[in-house]
1. Would you grab the residues whose amide H sits under 5 Å from the one on Ser10? Only those 5+ places off in sequence or on another chain, please, with H modelled 1.01 Å from N.
2. If I model a spin label at Glu17 and Ile61 as a point 7 Å from the Cα along the Cα→Cβ vector, what separation in nanometres do I get?
Amino acid sequence: MIRKFALEQSPVFESVELSFKKGFCVFSGPSGSGKSALIESLLACFGLREPNALTIETDLILDKPFLEDFGLEGADLNIKIVKKDKARYL
């Protein structure tokens, strides 16, 4: 589950920080308000799109059983992308 999502200096947003809780989440707004840009940034955190912001950061809550093999049972993970010349995943 995504707990927190933040980005800085995207084509649409100067700075955004969102917090999520369990349940259903909807992004709604008028055409051109940045919904697609926000989703593209979320997908970039998982390597599914090219980053469209200078910095993208996501906090995850993971409780999958296979994580125990890596000593990460119930761990919270943070993915951070910093884009300068190339994207760097931290």
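All of the numbers you see were taken from the coordinates with simple rules; none came from a lab. Here the structure is a predicted model, which is why all the values come from computation and not from measurement. Cβ: placed from backbone, ideal geometry, glycine included. Neighbour counts: every protein chain shown.
1. Under 5 Å from the amide H of Ser10 lie the amide H atoms of Leu54, each far enough along the sequence or on another chain.
2. Modelled inter-label distance: 1.9 nm.
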